[in-house]
Structure formats: C-alpha cells, structure tokens
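These notes concern the structure reproduced below.
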Amino acid sequence: MFSLVKTTPAGRRGRVVTTHGDIETPFFMPVGTAGTMKGLTHGDILSLGAEILLCNTYHLFLQPGDTVIADAGGLHKFISWNKPMLTDSGGFQVFSLESLRKISDNGVEFRSHINGDRCFLGPRESIAVQWNLGADIIMCFDQCPPSTAARSEIIEAVDRTLLWAKECKREHEERKQTKASSGSSEASVAPLLFGIVQGGLERDLRKKCAEELIAMGFDGYAVGGLAVGETQEEMYAVLDDVCPLLPQDKLRYLMGVGVVEQLRACVQKGIDMFDCVLPMRIARHGKLLVSDGSEIRILASAYRDDHSIIDPDSPSDLSRIHRKSYLHHLFKANERYAETIACKQNLGVTLKAMQELRNGL
C-alpha cells in the first residue's frame, strides 16, 4: 500500500507499506539480478541504506527455477533477504535476445542463453513465476522496443503491452482470490502489481498506453522503454508528458535510470522509484563516483602513485580506509576485492544521493 505524504516543487514524498517492511519514497533499488549483487554481501547493501532489492524474473526462471525457489519458501527465504523486494517481469531480458526469440500475442518463445533450451514466457506465465518468487512488488509482462524504433514497431508494442496487461491482471486477481479462499493466515497478503507505460518517443502512444492502463487499475505505474538509446532531453520530455497523467495516489516507477543528476531531475518531475545496473557496471570497469559529485577512472596511470584515501566522505567504509594506489593495484592485478571496493563505493554514493533528495522534500 502506498500513501503520498506530500508534494513539493522538488518532488513527491511518500511511504510504501509491505509485508517485509516500509519503504520511504523516493528510493533507488539495487539490482540483485539472480538474488545477489556481484562483489557485495546483503550486509554491505543494507549498511549503505538500501530499503529494497530488485531481482530478475528471467534469470531466476531459468536458474534455479521458480518452483525450486517456491519450495524453499520464496525468494526472501531462499536468499536470506528480510526487507522488501521487487521482481521485474522478464520482458526486457526476453526482448533483448533478438534472434533467439519469437513473439506472438500469447507471449515469447525463446532459447535459454544458458543452455539453448526452448522456453516460453507470456503474461500469465510471468505472473505465475513472480508469485512463486514471492516478491512484494511485481510487474506486468510488456513488450519493450528501443525508444528509437520505427513508429509501426512501437504501435505494435503498445497494443501488445496493453493486451498482456489485461492478462497479467486477470492472472493476478485469480491468484489473489484463490489465496483468499484458502483459509491461510497469509490469505490477505498479495504483491502489488504495476502496469508499464510503453510508447517510445511517440507522445500520443504514451498517452494511450497510460490512459488504458489507468482504466484497468494497477497498484503502481512504471515508465518503461527509456534509457535505451534516446537522449536525456527526450527522456525528460516523455516524463513531462506521462507523469501528469498518472494518478497522484499511485507509485510511479522509472525503469533503468540511475545516473545521479538524472535521479534529481526525475524526482522533480514526480517519479518515486528507480533501478539501474549502471553504478555497479561502471564500478567493475574502474569508474568511481565520488561523494563530491566528481568521477575518477582508477585505472588511469596517475593513480598508481596516488596514496590519498579513495573518498574520505564516502558512505562506504572501504573507501574511507583504502588508498587510490591500492585500488589501482587491485584492478591491475585482477583481484576480486577491487570490484567489492568499487561497487560498494558507487552504490553508496547513489543511495546517499537519493537519501539526500528524500530528506530535502
């Protein structure tokens, strides 16, 4: 359940109540694709102030399998994470397979990137998998074309996204009713279901998608298909069109955005929640976000002899004790500890920026 606490010119402040704890909005979700973040422990993530973890339906569906996780008591118990969790639908990953998948109105037939097995995900299958995983927030299965795709392709994606959203909600409601009639003490506990607004850079298609999803009625609304090839200005323009259409009393989720300056701008436009792999991805390649807003490429030769502390004001304890020269050495030596230090630094800076945004509202 989401409650909007206040709206200011700088953004919205609210609270999400879930079975696994409350989340203050706006917030950023670290991405634990297969139930973990590379190089970091759950304790590391929690120490940096993470309130929620995002895990990936596609990857967990393929390995170890959602039924294995359900038998373990759900994803929270399987990975020993006791705070809220969101699972995406798997749609983005399936559509990124390109030559390995075949799309129809029923769903997507594809080959596993792990072993080549034939697999199928559609709207009902995606919801079934996410219910097995047991996340607090789940997503509708959608078709996600590049924002720069041809209009004809985007029209097809919007129509299919809306068709699938109806199927997702139908499956979701059926499962809620079955659970309610089971007599279980947890019968009233069900995940929040979000619809996803597609439409590329086409204003009329975004409007159509948003309005039809709102008419169906979801617990929250995500804006998908951005940060996939368009300019920053184009992304902002889409949000300027879409956010005013979305209900004030529902969560708003911008998928796949995690650059700090973009987080600030998008919170001001009315977005409540974000996720992105970017802070971790660039960390693994030696690019560090620093507390003062600057960035450094620790692999540069200048850092071989730079014995200053990585970031004295860092949210990460590791960056407050280790030297730049040491981290440079670890990367050059291909030591895994380099990834841990860098990833904890970038995630910490991103989460701290979001906390400061939240506190300022």
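All of the numbers you see were taken from the coordinates with simple rules; none came from a lab. Keep in mind that this is a model prediction, so the values were computed, not measured. For neighbour counting, all protein chains shown are included, and Cβ atoms are generated from backbone atoms with ideal geometry for every residue, glycine included.
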> Assigning unit charges at the beta carbon (Lys, Arg +1; Asp, Glu -1) and nothing else, what dipole magnitude in debye, to the nearest 20, does the range 277-361 show about its Cα centre?
Replying inline: 280 debye
> List the cysteines of the chain that have no other Cys Cβ closer than 4.7 Å: which are they?
Replying inline: 55, 119, 144, 209, 243, 266, 276, 343
> Quick one: helix 232-242 against the long Cα principal axis of the chain, what's the angle to the nearest 10°, folded into 0 to 90?
Replying inline: 40 degrees
> Counting Lys and Arg as +1 and Asp and Glu as -1, what is the net charge of the other residues whose Cβ lies under 15 Å from the Cβ of residue 255?
Replying inline: -2
>> How would 209, 119 line up from fewest to most surrounding beta-carbon atoms within 10 angstrom?
In response: 119, 209
>> Could you compute the net charge surrounding residue 48? Neighbours are other residues with a C-beta less than 10 Å from the C-beta of residue 48; K and R count +1, D and E count -1.
In response: 0
> Under a 5 Å amide H to amide H cut-off, with H placed in plane at 1.01 Å, what residues pair with residue 18 once short-range neighbours are removed?
Replying inline: 23
> Which lysines, on any chain, are close to residue 102 with Cα under 27 Å apart, when same-chain ones fewer than 8 places away are left out?
Replying inline: 166, 169, 208
> Helix 203-216 versus the longest principal axis of the chain: what is the Cα-based angle in degrees, 0 to 90, to the nearest 10?
Replying inline: 60 degrees
> So what is the 222 nm mean residue ellipticity for the chain from helices alone, if each DSSP H run of at least 4 adds -39500 (n - 2.57) and you divide by all residues, rounding to the nearest 500 deg cm²/dmol?
Replying inline: -12500 deg cm²/dmol
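Can you tell me the dipole magnitude for the chain around its Cα centre, using point charges on the Cβ only (Lys, Arg +1; Asp, Glu -1), in Debye to the nearest 20? Provide the component values of the computation, followed by the final result.
Working: 41 positive and 46 negative charges, 102 e Å.
Charge dipole of the chain: 500 debye, to the nearest 20.
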> Can you give the three extents of the C-alpha atoms in the range 277-361 along their principal axes, from longest to shortest, in whole Å?
Replying inline: 43, 25, 19
> With a Cα-only, solvent-free Debye model of the chain, what are the log10 I(q)/I(0) values at q = 0.11, 0.13 Å⁻¹?
Replying inline: -0.76, -1.06
> Too long at a 26 Å Cα-Cα cut-off: which of 207/287; 83/176; 38/207; 324/344; 207/352?
Replying inline: 207/287; 38/207; 207/352
>> What is the angle, in °, between the Cα long axis of helix 336-359 and the longest principal axis of the Cα atoms in the chain? Nearest 10 is fine, range 0 to 90.
In response: 70 degrees
> Looking at 209, 148, 178, which one has the Cα that reaches farthest to the positive end of the dipole of the range 2-276 (charges on Cβ: Lys, Arg +1; Asp, Glu -1)?
Replying inline: 178
> Using a cut-off of 15 Å between alpha-carbon atoms, which aspartates and glutamates can reach residue 332, once sequence neighbours fewer than 8 places away in the same chain are excluded?
Replying inline: 305, 306
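Residue 76: net charge of surrounding residues, Cβ under 10 Å, Lys/Arg +1, Asp/Glu -1, itself excluded?
Charge balance in the 10 Å sphere: +1.
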